[in-house]
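Q: Encoded as structure tokens, here's the structure I'll be asking about.
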Amino acid sequence: MSVIVVTDLRKSYGDLKAVDGISFVVEEGEIFGILGPNGAGKTTTLEIIEGLRQPNGGAVFIDGLSVWPKPGPIKKLIGIQLQSTSLFDYLTVREMASLFASFYKLRLTQTELDSLLGIVGLVEKGKARVRQLSGGQQQRLSIALALVNDPKIVFLDEPTTGLDPQARRRMWDVVRDISNRGKTVVLTTHYMEEAEVLCGRVAVMDQGKIMKLDSPANLIKSLGAKTKITFSCKPLLAKEKFQEVDGALDVSEVDHSYKVYTAKIQTCLLGILQKAADNGATVENLTVSGANLEDVFLNLTGRGLRD
Ligand SMILES: Nc1ncnc2c1ncn2[C@@H]1O[C@H](COP(=O)(O)OP(=O)(O)OP(=O)(O)O)[C@@H](O)[C@H]1O
Ligand SMILES: [Mg+2]
């Protein structure tokens, strides 16, 4: 069942079309990602769906209810982590959670508070003040706050931006856990790795438009399943030698390192080894890597995801 239906959504700021006629649906229980560089329109899209910014055109339905012009009724269905949440530095973690619960006219018991903080791994920090938390812990707290009303759909706007790799992985576990609890998750990110490991489907967004929408695997497959083989060899051979290899599509050599793109991995690998041997050379430092979502984005826009 589709829990979110977005049709021809539009939002302009003056002449700037921040969201330029996008349509998609989100199915119940999925982790849906919006991937795009700075300024792509991710936050604007999310905040229109959440009922926080009014669109200039198009429609959004959550659970069959139209969000606009009256977003009130959908508020109890959703939990929101904003891109920049201002937490109250001098309140404790538990006080913050109780405060947020009171916005929904809820009074959480100690057990309920602990179970909420348990989801994001902050039980032992319950009595710590917000300002004493690390960046990653504050980000996890803001996710706990998005869960106080036990929402059906959770929106996370760049939940891991600014976190170190370890904290990012910790956050991925939290997101998966939320999903395993049966909630639908919609998140934005500009990390292709994050979209790849977390999301069932990804909308690739750029300049207010959705360029492509599919599972990470299908997006990558749409590149023609190109694989990159990187290696060096001793003694060095002219790169033209490797161009002769069966299955080699594109060959380059930079700083004594060869890159060969292929769609026929086995044939090409064997061919490279054979070609080197035929010329009295040995292959060294050989790695094989698949295309990733960064390559998909480059292919669609001619630009990288980071600016
Ligand atoms: N309130 C506003 N007034 C004017 N322009 C805005 C406003 N909010 C966003 N914009 C512009 O709309 C475009 C899309 O912004 P948005 O915040 O949706 O991008 P984003 O994809 O979330 O980017 P980021 O990855 O940096 O968070 C940007 O060019 C931005 O400058
Ligand atoms: Mg944003």
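Q: If we keep just the residues of the range 45-62 that are surrounded by fewer than 17 Cβ atoms within 10 Å (Cβ to Cβ) and within 13 Å of ligand 1 (Cβ to nearest atom), which is farthest from Lys76 (Cα to Cα)?
A: That would be Asn56.
Q: Taking the condition assigned by TED's automatic domain parsing to the domain that holds Thr7, in contact with a helix residue (DSSP H, G or I) (Cβ under 9 Å, 6 or more places away or on another chain), buried (at least 19 other Cβ atoms within 10 Å of the Cβ) and not in a helix (DSSP H, G or I), does Gly29 pass? Quick ask: steps written out before the conclusion?
A: Numbers: assigned by TED's automatic domain parsing to the domain that holds Thr7: yes; in contact with a helix residue (DSSP H, G or I) (Cβ under 9 Å, 6 or more places away or on another chain): yes; buried (at least 19 other Cβ atoms within 10 Å of the Cβ): no; not in a helix (DSSP H, G or I): yes.
No; evaluated as a whole, the condition is false for this residue.
Q: Residues Thr184, Thr267: which one is polar (S, T, N, Q) and closer than 26 Å to Leu286 by Cβ?
A: Details: Thr184 fails: closer than 26 Å to Leu286 by Cβ.
Just one listed residue meets the conditions, Thr267.
Q: Given the conditions (1) over 17 Å from the mean Cα position of the chain (by Cα); (2) within 16 Å of ligand 2 (Cβ to nearest atom); (3) of a type in the set (S, T, N, Q), report the number of the one that Thr44 does not fulfil.
A: So the condition that Thr44 fails would be (1).
Q: Given (1) outside any loop (DSSP other than H, G, I, E, B); (2) modelled with pLDDT under 95; (3) crowded, with 18+ Cβ neighbours inside 10 Å, identify the lone condition not met by Ser115.
A: (3)
Q: Something else about it: Find all pairs meeting these conditions: Cβ atoms under 6 angstrom apart; at least six residues apart or on different chains; first residue within the range 1-18 and at pLDDT below 95 and surrounded by fewer than 16 Cβ atoms within 10 Å (Cβ to Cβ); second residue outside any strand (DSSP E or B) and not hydroxyl-bearing (Ser, Thr, Tyr).
A: Sorted first by the residue in the range 1-18, then by its partner, the pairs are Met1/Glu28.
Q: On the given criteria, is Gln139 in contact with a helix residue (DSSP H, G or I) (Cβ under 9 Å, 6 or more places away or on another chain), buried (at least 20 other Cβ atoms within 10 Å of the Cβ) and over 27 Å from Ser2 (Cβ atoms)? Show your work before the answer.
A: Numbers: in contact with a helix residue (DSSP H, G or I) (Cβ under 9 Å, 6 or more places away or on another chain): yes; buried (at least 20 other Cβ atoms within 10 Å of the Cβ): yes; over 27 Å from Ser2 (Cβ atoms): yes.
So Gln139 passes the test.
Q: Pairs only if they're at least six apart or on different chains, beta carbon under 7 angstrom, first in the range 34-59 and assigned by TED's automatic domain parsing to the domain that holds Asp20, second assigned to a helix (DSSP H, G or I) and within 11 Å of ligand 1 (Cβ to nearest atom); list them, first residue then second.
A: Ile34/Lys42; Ile34/Thr45; Gly36/Lys42; Arg53/Thr44; Arg53/Glu47; Pro55/Ile48
Q: Name the pairs whose Cβ atoms lie under 7 Å apart, with the first residue in the range 68-97 and closer than 29 Å to Leu163 by Cβ, the second modelled with pLDDT under 95 and among the aromatic types (Phe, Trp, Tyr), and 6 or more positions between them or separate chains?
A: Met96/Phe88
Q: Residue by residue through the range 14-43, note down the ones that are near ligand 1 (Cβ under 6 Å from one of its atoms) and within 24 Å of Glu193 (Cβ to Cβ).
A: Scanning the range 14-43 gives Gly36, Asn38, Gly39, Ala40, Gly41, Lys42, Thr43.
Q: Residues that are free of Cβ contacts under 8 Å to residues at least 12 places away in the same chain, among the basic types (Lys, Arg), farther than 23 Å from Gly51 by Cα and away from ligand 1 (no atom under 16 Å from the Cβ): does the range 131-147 have at least one?
A: Within the range 131-147, none of the residues are free of Cβ contacts under 8 Å to residues at least 12 places away in the same chain, among the basic types (Lys, Arg), farther than 23 Å from Gly51 by Cα and away from ligand 1 (no atom under 16 Å from the Cβ).
Q: Quick one: is Asp177 farther than 24 Å from Lys105 by Cα, away from ligand 2 (no atom under 16 Å from the Cβ) and not in a strand (DSSP E or B)? Outline the logic, then answer.
A: Numbers: farther than 24 Å from Lys105 by Cα: yes; away from ligand 2 (no atom under 16 Å from the Cβ): yes; not in a strand (DSSP E or B): yes.
Yes, satisfied.
Q: Something else: Pull out all pairs, ordered by first then second residue, where Cβ-Cβ is under 8 Å, the residues are six or more apart or on different chains, the first lies in the range 148-168 and is at negative phi and modelled with pLDDT under 95, and the second is away from ligand 1 (no atom under 16 Å from the Cβ) and part of a strand (DSSP E or B).
A: Close Cβ pairs satisfying both conditions: Val148/Gly79; Asn149/Gly79.
Q: When the range 148-162 is examined, which residues are found to be more than 15 Å from ligand 1 (Cβ to nearest atom) and in contact with a helix residue (DSSP H, G or I) (Cβ under 8 Å, 6 or more places away or on another chain)?
A: Correct list: Val148, Asn149, Pro151, Lys152, Ile153, Val154.
One line per residue, one yes/no per condition, for (1) in contact with a Ser or Thr (Cβ under 6 Å, 6 or more places away or on another chain); (2) more than 24 Å from Thr161 (Cβ to Cβ); (3) touching a residue at least 12 places away in the same chain (Cβ under 8 Å):
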{"residue": "Thr188", "(1), (2), (3)": "no, no, yes"}
{"residue": "Val202", "(1), (2), (3)": "no, no, yes"}
{"residue": "Gln207", "(1), (2), (3)": "no, no, yes"}
{"residue": "Pro235", "(1), (2), (3)": "no, yes, yes"}
{"residue": "Ser257", "(1), (2), (3)": "yes, yes, yes"}
{"residue": "Val260", "(1), (2), (3)": "no, yes, yes"}
{"residue": "Gly271", "(1), (2), (3)": "no, yes, yes"}
{"residue": "Val296", "(1), (2), (3)": "no, no, yes"}
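Q: Against the conditions (1) assigned by TED's automatic domain parsing to the domain that holds Ile153; (2) part of a helix (DSSP H, G or I); (3) at pLDDT 90 or above, where does Lys241 fall short? Just the number, please.
A: Of the numbered conditions (1) assigned by TED's automatic domain parsing to the domain that holds Ile153; (2) part of a helix (DSSP H, G or I); (3) at pLDDT 90 or above, the odd one out for Lys241 is (1).
The values are calculated or read from the model by the stated rules, or taken from the named source; none is laboratory data. All figures in this text were calculated on a predicted structure; none of them were measured in a lab. Because the Cβ atoms are built from the backbone with ideal geometry, glycine has one as well, and the counts that use them run over all protein chains shown.
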